[in-house]
1. Just the residues that are within 14 Å of chain B (Cβ to nearest Cβ) and surrounded by fewer than 19 Cβ atoms within 10 Å (Cβ to Cβ), please, taken from segment A:59-74.
2. May I ask you to verify whether B:PRO35 is free of Cβ contacts under 8 Å to residues at least 60 places away in the same chain and surrounded by fewer than 21 Cβ atoms within 10 Å (Cβ to Cβ)?
3. Inside segment A:21-55, can you point out the residues that are part of a helix (DSSP H, G or I), under 30 Å from A:TRP117 (Cα atoms) and either within 11 Å of chain B (Cβ to nearest Cβ) or in contact (Cβ under 8 Å) with a residue 40 or more places away in the chain (or both)?
4. Please specify each residue of segment A:136-154 satisfying the condition of being in contact with a Leu (Cβ under 9 Å, 6 or more places away or on another chain) and free of Cβ contacts under 8 Å to residues at least 60 places away in the same chain.
5. Would you say A:ARG218 is surrounded by fewer than 20 Cβ atoms within 10 Å (Cβ to Cβ), of a type in the set (D, E, K, R), in contact with a Phe, Trp or Tyr (Cβ under 8 Å, 6 or more places away or on another chain) and closer than 27 Å to A:PRO381 by Cα?
6. Hey, can you tell me all the residues within segment B:130-158 that are of a type in the set (A, V, I, L, M) and more than 25 Å from A:HIS57 (Cα to Cα)?
7. Please work out which residue is modelled with the lowest pLDDT, limiting yourself to segment A:261-273 and to residues that are outside any helix (DSSP H, G or I) and surrounded by 16 or more Cβ atoms within 10 Å (Cβ to Cβ).
8. Check segment B:113-127 and report whether any residue there is on the phi > 0 side of the Ramachandran plot and among the hydrophobic types (A, V, I, L, M, F, W, C).
Amino acid sequence: MSKATSVALHRFAVLTVLAVLLLIGAGGLVTSHGAGMAVPDWPNTYGYNMFFFPISHWIGGIFYEHTHRLLGALVGLLTLILAIWMHGATARPWLRAGGVALLVGAATVLGFWPARWQDAVVLGVTGLAALVSSAFWPRGDPQSARLRRLGWVAVGLVVLQGLLGGLRVTLYKDELGIVHATLAQLFLVLMGALALMTSPWWRQWEARGAEEPGSALRGLYAWVTALVLGQLVLGATMRHEHAGLAVPDFPLAYGRLWPATDPESVARYNQQRLETRALNDITATHIYVHMAHRIMALVVVAGIAWAWIGTRRQLARGHPFRRWATVWLGLVVVQFFLGAWTVWSNKAADVATLHVVTGAVTLLVGGLLAVAAFAPRVHEPAQLGPQVPAVVAPASAGGT
Amino acid sequence: MRGQNVGLLAVATLGLAVSAVAGEIRGKVTLKGTPPPNPVVKDFSADPNCSKLVKEAVYVPMFRVGPAGELADVFVTLDGITGKSTGASAPPAVLDQKGCMYVPYVLAIQTKQTLLVKNSDPLLHNVHTTPTAPGNKVRNEAQLAGGPDLRFTFDAPEKFVRFKCDVHPWMFAYVCVSDHPWFALTGADGTYVIKDVPPGKYTLEASHRKAGTLKKEIEVTDGVVNVDFVFEIK
């Protein structure tokens, strides 16, 4: 693959990561506005193929749910293109074959189920796009086998993610919403890792394996990132309880350090809670989950602060990890205050959504730090090019 | 012919006999204390069609309280009686979507009784029920402007089954489902009447969506039993 094509692939991967973040934000808006079930059918939208649903009907909760679905389709498409792109010129015949198959599929749908002409149009347009793009497809070499495999893992995950989102609607299962939200975060980290590994920086990084941090620091990044993921799962659980704020004040909880959770107290909390949305009543379990999220927030802040201190101590000045560890710490501090603001704003949709997106970025940065620290070999030696000498000063010469 | 007349006479006599021995429960439900103010719906603009329909501020009627504390929308029912539903032959109840709100806010029906959900608005809604009792099914269906009424029935008794519209998240209502016909909802004056109650000892239960549940042991004879309830703001 030429250098220009390689850079273009990397930029496309970064674009996909940004699209995933946008999608997570749109998902946050769906739950923040309680609009997850505003479109009762799936994969159709009020009987239309989703791409034909009239814009005039994008109102109220439908707007959030429908745009979330469209963005999901966009991310799916970008992920598929990325996976195919990694195969370089060898993907050309596949694109041609796939394009022809889709066009045949479109004709079949039109012939046997004329009422489903919208589906036929979508198949046909996609097939035509595949055929046309095969003529202009980059002629570069494929990426390494590991990267290509990761690309297809990403395609599998995005398909699974779409299915989970759809089944959550059709099976009425809130639990699936939690899995859907968690998988979204994992998918973001995978796409971020792909963007990182397709970057020119990574090739140099992989070639200079000697700069990897010590095993203690690698383990720390991994464990703290796992804590962040756990915190995001707790957050997703709270959001998918559809009960609003289980504890409406901060830093205290119902005016105390630890809220009362006996049945009488919970009944009193519910009596005083008047909302303009059809929220579920809160239960003692909801309160425990909320308090666990608060405690976990402190643990995560402490964990990232610890990782930041470790990074400053162990890695020399100029080491890229030092800068990213600082970004990580900054993000978690912002995230902590966004969490507090979410409570103070009574879970205002825009604030709560910003909290979700910042949480996702915090996980992404931690995940990428961990990936870079472990520096897995994803390229074949021939793809790495000449070894680039280290540009950072040794630890002994650096200081903190 | 004579046989038919005798039969009719027998049925009429039995009916009279049953009503002659049936009692009536009536009373008043009040709220002690000042409830939190009902929330105002501010975000009608999420659907411009709703903004056109509704010009004035709309409150979600979580507490409908009269000047002397009369509490409306309290579901008063005989507790612990099952399998006595006459819902299958009862006329359908109606829940309407009007002015981007559900009307009424609280409704009571029997198991197996048909509930018609209408859409009187010139716009689209989705009707999403979220019952929790085993036997009652979650449903979520689109209802277009001018679309046919949706029919709902519930197999199991359950208090305050939520009906909601996710297109317009401020739209929700509650339906109480009873497994027998001896229940009532309090009106704006806080009063209720339950008629044709067979004599006997019962637990009478009064439930309000926000104020909670109160119970009283009562004995029904062939007369009128007065049972009042007083809820308190905690």
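1. Selection gives A:THR67 alone.
2. When the stated conditions are applied, B:PRO35 does not pass them.
3. Applying the first criterion (part of a helix (DSSP H, G or I)) to segment A:21-55 yields A:21-32, A:50-52, A:55.
In the following step, the residues that additionally are under 30 Å from A:TRP117 (Cα atoms) were identified as A:23, A:26-27, A:30, A:50-52, A:55.
The answer is A:LEU23, A:ALA26, A:GLY27, A:VAL30, A:PHE51, A:PHE52.
4. Residues of segment A:136-154 in contact with a Leu (Cβ under 9 Å, 6 or more places away or on another chain): A:137-138, A:140, A:143, A:147, A:150-151, A:153-154.
Scanning segment A:136-154 gives A:TRP137, A:VAL153.
5. Numbers: surrounded by fewer than 20 Cβ atoms within 10 Å (Cβ to Cβ): yes; of a type in the set (D, E, K, R): yes; in contact with a Phe, Trp or Tyr (Cβ under 8 Å, 6 or more places away or on another chain): yes; closer than 27 Å to A:PRO381 by Cα: yes.
In short, yes.
6. Keep residues of segment B:130-158 that are of a type in the set (A, V, I, L, M), which gives B:133, B:138, B:142, B:144-145, B:150, B:156.
Listed by number, the residues that qualify are B:ALA133, B:ALA156.
7. Taking segment A:261-273 first, the residues outside any helix (DSSP H, G or I) are A:261-262, A:273.
Those left that are additionally surrounded by 16 or more Cβ atoms within 10 Å (Cβ to Cβ): A:261, A:273.
Details: A:THR261: 97, A:ARG273: 88.
Out of the qualifying residues, it is A:ARG273.
8. Within segment B:113-127, the subset on the phi > 0 side of the Ramachandran plot is none.
Within segment B:113-127, not a single residue is on the phi > 0 side of the Ramachandran plot and among the hydrophobic types (A, V, I, L, M, F, W, C).
The values are calculated or read from the model by the stated rules, or taken from the named source; none is laboratory data. Note that this is a predicted model, so its numbers are computed, not measured. Counting neighbours? That spans all protein chains shown, and the Cβs are built from the backbone with ideal geometry, glycine included.
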